[in-house]
Amino acid sequence: MAADELVHPRAEDLEVGPILLALADANRRRVVAELAERPDEERLCASFDLPVSKSSRTRHWRVLREAGLVHQRDAGNGLHMRLRTEDLDRRFPGLIRAVIAAG
């Protein structure tokens, strides 16, 4: 793995605790809900309108990635993100839909 490659947990290593902790924050739930609207699309991280500083955004992205909720890709001109829908539905069927519905 390259030094600048982003680390993502394997699907079989996803745990509900870190996922729920990540989703406890309203800004992160909002990002997940927006990604869930178009699960096959990848979005530029900068495209999310969050009322927080750039450093806070960076932390939110890291928390979401390390919990296994999103996959991030560094394209050189920006960081792209997509929801790990298949992995999440396989490990925890209905969890993301339930959290978003509880909104």
*So what is the relative contact order for segment 14-102, in percent, with contacts set as C-alpha pairs under 8 Å and at least six apart?*
34 percent
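Give me the extension gain from Arg90 to His8: residue separation times 0.36 nm, minus the current Cα-Cα distance, reported in nm with one decimal.
Numbers: separation 82, 0.36 × 82 = 29.52 nm, distance 1.65 nm.
Answer, rounded to one decimal: 27.9 nm.
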*Quickly work out the Glu41-to-Glu15 label distance, labels modelled 7 Å from Cα along the C-beta direction, and quote it in nm with one decimal.*
3.4 nm
*Residues listed by number, segment 59-94, amide nitrogen under 15 Å from Ala102 label point at 7 Å toward C-beta*: 92-94
*Can you give the charge dipole size of the chain about its Cα centre, rounded to the nearest 20 debye, using +1 on the beta carbon of Lys and Arg and -1 on the beta carbon of Asp and Glu?*
320 debye
*Only helical DSSP H runs with n ≥ 4 go in: add -39500 (n - 2.57) per run for the chain, normalise by residue count and round the 222 nm mean residue ellipticity to 500 deg cm²/dmol.*
-14000 deg cm²/dmol
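So, counting K/R as plus one and D/E as minus one, what does the shell of residues with Cβ under 12 Å around Pro9 add up to?
Details: positive: Arg10, Arg65, Arg84, Arg91; negative: Glu12, Asp13, Glu15, Glu66, Asp87.
That sum, taken over residues with Cβ under 12 Å, equals -1.
Taken together, the values in this text are just the output of simple stated rules run on the coordinates, not laboratory data. Owing to the predicted nature of the structure, the values given are computational and were not obtained by experimental measurement. Backbone-built Cβ (ideal geometry, glycine too); neighbour counts: all protein chains shown.
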